[in-house]
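Below: the structure, in structure tokens.
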Amino acid sequence: MNFHYSHEAENFRDSFRSWLETNFPKEWNHEVTGEKWVQRRKEWGKMLGLGGWVAPAWPKEYGGLGLTIEQQLVYIEELVRINAPEVLNSNGIGIFGMTLIRYGTEDQKKYYLPRMLNHEDIWCQGFSEPNAGSDLAGLQTKAKDNGDHYVLNGQKVWTSYGPYANKCYILVRTAESRYKGVSMMILDLDQPGVTVQPIKNIAGESELAEIFLDDAIVPKIDLVGEINNGWEMANYALAHERGIHFAQRSLKMQQEFQQLVTLFQEQIQAGSSPANSPMMQNKLVQCYLSCEILKSVCLRNIALIAQGEDTGALPAIAKLVWSESHQDLLNVGVELLGEESLLKGDHQVWMEKFLLSRAETIYAGTTQIQKNIIAKSLGLPSSKGGR
């Protein structure tokens, strides 16, 4: 099947590409890591914000572009084409921003959304807990009503961007009911009673954090939506995370596959034994097939979203296919390079990506959870006990 964009989408591509060619820093043609990568993402977010290009899905009245699904796909393609960094506030803009637009008060929107767009506030997501990761509804962080504010006590963990954030959209328990006793609030991290402890990952970076709450304060004006309606908002937020976002991952993976092909060709010309191995070449073919499968799943998912239809288990399938096949692709790159992937230089990025990918089958819903979702869509029991 050939996929063709409308004239409107291609016209948008032309205008966005023109802006990118003028504004994207030419010196960013090499990848960086650690704090330099964090700073680059923040700078790029500010640049897109000032240009009015940072929130493709948001309605125009809130500072977004109000793009159609088709135009959003073009937007992602252009950013991937120039290898632009993901903006530091992608979590807030792509997930919480849309939730606040739907459920927040006008005062919340007026105050928080512009600060989110220009990266004046950096946001993290306070969902997972030590005993409530995949089973998010089991969260135990409590918010006690104390007149004009809530008092929060508990712990969050695996909080992406926690070390860099000053704001957190957090799920807390406000009643005993498993699903009807959860609320969403806006937590200011820069206050007494909040301790942010960075977690160093396997690649030596600290993008994640634990957040400890000891009588932390949330004013009642920072309750999002209605009390005890947080579960509905969390599902709405996660639906945006798993919608068109996987199209970006698919495109990035295709880009990495092309880099892998180039690497194979260079290794073959150099007479490398691994590259000439039929087994390694078979692995390269399997990587290509996985890229095509993921692309097809993502396009089908986007088509259903555009038509306003239920996507069913497709987001779970996309997450499962992407996380496992992306790990396999990076495995091939590291295996092909051998010790070169451990040395400082152009090839070290393969080892860094390989290490970071170890968590991809865990975060945003583990592989086991995705398989349960798929099983449920087929009418099968999601666990041994049928719970």
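The values are calculated or read from the model by the stated rules, or taken from the named source; none is laboratory data. A quick note: this is a predicted structure, and the numbers were derived from the prediction, not measured. Here the Cβ positions follow ideal geometry from the backbone for every residue, glycine too, while neighbour counts run over all protein chains shown. Note: areas computed on protein heavy atoms with side chains; ligands, DNA, RNA excluded. Shrake-Rupley method; radii C 1.70, N 1.55, O 1.52, S 1.80 Å.
Tabulated values for the structure
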| quantity | calculated |
| --- | --- |
| Pairwise Cα inverse-distance average, inverted: Kirkwood Rh of segment 57-202 (Å) | 16.9 |
| Among beta bridges that DSSP assigns inside the chain, antiparallel share in %, nearest 5 | 85 |
| Environment charge at Ser323 (Cβ cut-off 11 Å; Lys +1, Arg +1, Asp -1, Glu -1) | 0 |
| Reachable aspartates and glutamates, given that their alpha-carbon falls under 13 Å from the alpha-carbon of Lys42 and they are not under 8 places away in the same chain | Glu86, Glu120, Asp121 |
| Kyte-Doolittle mean at least 0.0 and Cα axial length at least 27 Å: DSSP H helices in the chain | 278-306, 314-337 |
| Restricting segment 281-369 to GluC sites (Glu not before Pro) in coil, as DSSP defines it, with at most 11 other Cβ within 10 Å | Glu309 |
| Sequence-separation-based contact order of the chain, relative, with Cα cut under 8 Å and 6+ spacing, percent | 12 |
| For segment 263-297 and segment 143-217, distance of Cα centres in Å | 43 |
| Listed pairs Lys110/Lys142; Lys36/Lys109; Lys142/Lys220 exceeding 21 Å between Cα atoms | Lys110/Lys142; Lys36/Lys109 |
| Lysine-lysine proximity count for segment 242-378, Cα under 26 Å, sequence distance 8 or more or distinct chains | 20 |
| Distance between segment 313-387 and segment 72-141 - C-alpha centres, whole angstrom | 22 |
| Amide hydrogen neighbours beyond the local backbone of Thr141, cut-off 5 Å, H modeled | Gln155, Arg173 |
| Neighbour cut-off at most 10 other Cβ (10 Å), DSSP loop, GluC sites (Glu not before Pro), segment 165-257 | Glu176 |
| Anisotropy class of segment 242-378 from Cα gyration tensor, a/c 1.5 cut | prolate |
| The chain, accessible surface, carbon-and-sulfur percent (1.4 angstrom probe) | 52 |
| Max mean-square fluctuation residue, GNM over the chain, Cα-Cα springs under 10 Å, options Val32, Val54, Val218 | Val32 |
| Loop sites in segment 297-362: trypsin sites (Lys or Arg not before Pro), DSSP, at most 12 other Cβ within 10 Å | Lys344 |
| Segment 87-208 - charge dipole about Cα centre, Lys and Arg +1 at Cβ, Asp and Glu -1, debye rounded to 20 | 260 |
| Ordering of 122-133, 11-22 by packing [mean C-beta count within 10 Å, highest first] | 122-133, 11-22 |
| Solvent-accessible area per residue, Å², over segment 7-87 with all protein chains present [probe radius 1.4 Å] | 52 |
| Hydrodynamic radius of segment 7-87 per Kirkwood, over alpha carbon pairs, in Å | 13.3 |
| Sites Gln269 and Leu299 - FRET efficiency at Förster radius 45 Å, r taken between beta-carbons, to 0.05 | 0.85 |
